[in-house]
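Student: Before I ask anything, here is the structure I am working with.
The values are calculated or read from the model by the stated rules, or taken from the named source; none is laboratory data. All values derive from a computational prediction rather than experimental measurement. Cβ atoms come from the backbone with ideal geometry, glycine included; neighbour counts cover every protein chain shown. For accessibility, only protein heavy atoms count, side chains too; no ligands or nucleic acids. Shrake-Rupley method; radii C 1.70, N 1.55, O 1.52, S 1.80 Å.
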Amino acid sequence: MNIAMWSGPRNLSTALMYSFAQRADTTVTDEPFYAAYLAATGADHPMRAEILTAQNQDYATIAAASAAPGPRSHRYLKLMTHHMIAVADHSFMGSCRNAFLIRHPARVLASYVAKRERPSLQDIGFTEQFALYRTARALGQTPIVVDSADIRQNPPAMLASLCAALGLPFDPAMLSWPEGGNLADGVWARHWYGAVHRSTCFAGPEGPLPDLPDDLAAVAAAALPIYEELAASKLSV
């Protein structure tokens with residue numbers, strides 16, 4: 001089974017990829033469409049030149065590879081929703097079990113701005129995430145939704161719930177990983193993954209929502225209805 005885990009940036013997505021990478025039956029792939037997105041949009045991201053050199057830039061080729069089986073029983077695709085622009089090839093979604101990792105937009109923005117200034121609504125991928133959720137439903141699937149805050153609150157229970165929804169047995173090895181990153185990391189890891197590289201497990205529960213300056217608060221307010229609609233169908237323990 002190929003698992004397509006869709007999230008925006010700063011959503012616990014790398015930690016969850018590391019969690020699945022600990023399963024003996026699963027291989028992981030890190031953001032396969034990143035270079036294609038940069039090439040198609042001209043977006044000025046940190047390490048842009050290195051990413052364009054490191055990855056294939058053709059959406060159709062990457063989509064075909066994402067539909068193919070991996071070397072183990074299961075393949076976990078860590079996918080960024082904002083990479084799937086209008087020209088993107090979504091055809092592989094029908095061959096995957098589609099799941100959606102969500103996080104409150106205020107928390108996403110507070111984390112994102114520490115790495116890249118002036119994020120827009122498009123940068124954090126909420127609108128695209130909802131469109132992909134609707135695509136999965138149109139394919140006849142019942143999309144899985146999991147909230148990063150719930151994973152941090154109770155990793156064993158929420159990972160067990162996520163595995164059950166995917167039809168997988170829960171593996172306790174998913175609760176921790178070696179410090180220092182994973183061989184599947186994209187070339188961009190040294191800019192974006194510092195905190196998770198220093199970790200060996202999921203961080204503890206989050207505190208109160210952060211206060212945002214007016215410009216970021218406006219982006220959060222635009223994203224909030226999408227978060228709330230997706231959260232209405234999220235997994236529970």
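Student: Taking Cα centroids, how far is the stretch 129-179 from the stretch 67-118 in Å?
Tutor: If you average the Cα positions of each part, the centres end up 13 Å apart.
Student: Longest exposed-loop-site-free stretch of the chain, with GluC sites (Glu not before Pro), DSSP loop and at most 11 other Cβ within 10 Å?
Tutor: On the way: sites that count: GLU117, GLU179.
Excluding the exposed sites themselves, the longest stretch runs over 1-116.
Student: If Lys and Arg each add +1 and Asp and Glu each add -1, what is the summed charge of the other residues whose beta carbon sits under 12 Å from the beta carbon of ALA184?
Tutor: Working: positive: ARG75, LYS78; negative: ASP30, GLU31, ASP185.
For residues surrounding ALA184, the net value is -1.
Student: Counting only heavy atoms of protein chains, what accessible area per residue, in Å², does the stretch 95-237 have with a probe of 1.4 Å?
Tutor: Working: 6830 Å² over 143 residues.
For the stretch 95-237, the per-residue accessible area is 48 Å².
Student: Leaving out ligands, DNA and RNA, and with a 1.4 Å probe, what % of the accessible surface on the stretch 69-116 is carbon or sulfur? Kindly include the intermediate steps, with their values, before the conclusion.
Tutor: On the way: 850 of 1660 Å².
Of the solvent-accessible surface of the stretch 69-116, carbon and sulfur hold 51 percent.
Student: Same structure, new question: Once the convex hull of the alpha carbons of the chain is built, what does its volume come to per residue, in cubic angstrom? Don't jump to the answer; show the numbers that get you there.
Tutor: Numbers: hull volume 27.8 nm³, N = 237.
In the chain, the Cα convex hull volume per residue is 117 Å³.
Student: Can you give the local net charge around PHE33? Use residues other than it whose beta-carbon is closer than 11 angstrom to its beta-carbon, Lys and Arg +1, Asp and Glu -1. It would help to have the intermediate numbers written out before the result.
Tutor: Values: positive: LYS78; negative: ASP30, GLU31, ASP58, ASP89.
My count for the surroundings of PHE33 gives -3.
Student: Cβ under 13 Å from LEU168's Cβ, LEU168 left aside: what net charge do those residues give with Lys, Arg +1 and Asp, Glu -1?
Tutor: Neighbour charge sum, excluding LEU168 itself: +2.
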